[in-house]
Structure formats: structure tokens, C-alpha cells
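Peer 1: Quick one: this structure, given as C-alpha cells, is what I'll be asking you about.
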Amino acid sequence: MTAPDAEPAPASPVGPEPSESAGPAEPGPGGRAPAERELSVRERAVLALERRSWAGPGAKERAIREELGISPVRYFQLLNALIEDERALREDPVTVNRLRRLRAARRERR
């Protein structure tokens with residue numbers, strides 16, 4: 001039997017141990033951490049389309065509508081988001097870095 005005035009055992013710390021603090025990245029869009037989620041099929045298709053070269057004006061826009069089933073405006077919105085996405089950089093570093101360089105050059109010209 002224990003004495004009624006005995007102190008309770010110390011409680012375990014509530015927070016993570018200092019060695020555990022370097023955990024996963026902050027959640028991204030959709031509430032999941034970027035490392036948890038792979039690129040979607042559509043995101044991969046956008047990168048694949050961007051890797052290709054185009055014969056003339058209108059060919060790329062036509063391919064966007066036919067192959068992806070989205071408008072060119074929506075395509076470029078998705079593409080601009082992918083340029084910032086580290087998962088896209090890991091998936092296709094050549095294309096993403098090329099797009100980042102082009103964007104930086106356009107910004108410098110302004």
C-alpha cells in the first residue's frame with residue numbers, strides 16, 4: 001500500500017523529443033504534406049506535354065484541349081503551380097528548371 005501523501009510519478013513530456021522535431025514538411029494544398037502525396041496523373045501529363053516541342057502556333061493549344069481535356073488557360077494555371085512544386089522538380093528536374101529560367105528571364109525583361 002502507498003501512503004496517501006505520496007507524490008505521483010512525473011508525467012511524460014507532452015511535446016515531441018528534440019530529436020523528433022525535424023519531422024515531415026508543412027502540409028501543402030489539400031492538407032497533406034508534400035512528401036506524402038505523389039504527382040497526380042494530370043500533373044504528370046502537364047509536365048509531359050510541356051517537355052514536347054511544337055511545330056507552329058496553335059499546335060500546343062490544340063494538344064492541350066485534345067489530350068488533357070482542359071482549356072489552355074487552366075493548363076497554364078496548373079503549369080505555373082507545378083513550377084513551384086518540389087514534387088514536380090523531383091519528377092522532372094530538367095523541364096521544371098527550364099521553366100523556372102524562362103519565367104525569371106521574362107520577369108527581368110519587365
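Peer 1: Write down the Å³ per residue value for the convex hull defined by the alpha carbon atoms of segment 36-110.
Peer 2: In segment 36-110, the Cα convex hull volume per residue is 101 Å³.
Peer 1: How much accessible area per residue does segment 47-90 have, counting only protein heavy atoms and a probe of 1.4 Å, in square angstrom?
Peer 2: On a per-residue basis, 60 Å².
Peer 1: Quote to one decimal, in nm, the extra length available between Ala59 and Arg100 on full extension: 0.36 nm per residue of separation minus the C-alpha distance between them.
Peer 2: 12.5 nm
Peer 1: Here is a follow-up. How far is it, in nm, from the label point at Arg42 to the one at Ser71 when both lie 7 Å from their Cα along the line to the Cβ?
Peer 2: Those two pseudo-labels are separated by 1.4 nm.
The values are calculated or read from the model by the stated rules, or taken from the named source; none is laboratory data. Not measured: the values here are computed from a predicted model. With ideal geometry, Cβ positions are generated from the backbone for all residues, glycine too; neighbour counts draw on all protein chains shown. Quick note on the areas: whole protein, heavy atoms, side chains included, nothing else; ligands and nucleic acids left out. Shrake-Rupley method; radii C 1.70, N 1.55, O 1.52, S 1.80 Å.
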